[in-house]
1. Please tell me if Val46 is modelled with pLDDT of 95 or more and of a type in the set (Val, Ile, Thr).
2. If you scan the range 1-40, which residues turn out to be modelled with pLDDT of 90 or more and aromatic (Phe, Trp, Tyr)?
3. Based on this model, can you work out whether Lys55 counts as more than 18 Å from Leu20 (Cα to Cα), surrounded by 10 or more Cβ atoms within 10 Å (Cβ to Cβ) and more than 17 Å from the chain's Cα centre (by Cα)?
4. Within the range 65-79, restricting attention to residues that are out of contact with any helix residue (DSSP H, G or I) (no Cβ under 9 Å at 6 or more places or on another chain) and modelled with pLDDT of 90 or more, which residue is farthest from Thr19 (Cα to Cα)?
Amino acid sequence: KPIGLMKGAFKTPTLRDITLTAPYFHDGSAATLMDVVNHYETGGSVKTNLSPNMKALQLTPAEKNDLVAFMKALTTPPQAFTLPVIPPNNF
């Protein structure tokens, strides 16, 4: 049973390969990484159980673009994969 500030909290996933996991947020309400940054630019959604540490980011447009570029840099190119050769049944 959730208690205190953890009530309504969500487990935070890794940022690795973040561009491959859209849409974002637990409810899929942000289609792009810039949508996510813009959401936090305003301080997030107003909720009764929102941490008092959640404050508006107050980023410049260049800083927002840099933040999105950083998150995109955390995505690795897909690795080439070939199916293994299965030996014949009489092996």
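The values are calculated or read from the model by the stated rules, or taken from the named source; none is laboratory data. In this text the structure is predicted, and so the values were computed from the model without any measurement. Glycine gets a Cβ as well: all are built from the backbone with ideal geometry, and neighbour counts include every protein chain shown.
1. Answer is no for this residue.
2. Tyr24
3. Judged against the criteria, Lys55 is a match.
4. My answer is Asp66.
For (1) farther than 25 Å from Gly4 by Cα; (2) assigned to a loop (DSSP other than H, G, I, E, B), each residue gets a yes or a no:
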position: Thr19; (1), (2): yes, no
position: Asp27; (1), (2): no, yes
position: Tyr40; (1), (2): no, no
position: Gly44; (1), (2): no, yes
position: Ala69; (1), (2): yes, no
position: Thr76; (1), (2): yes, yes
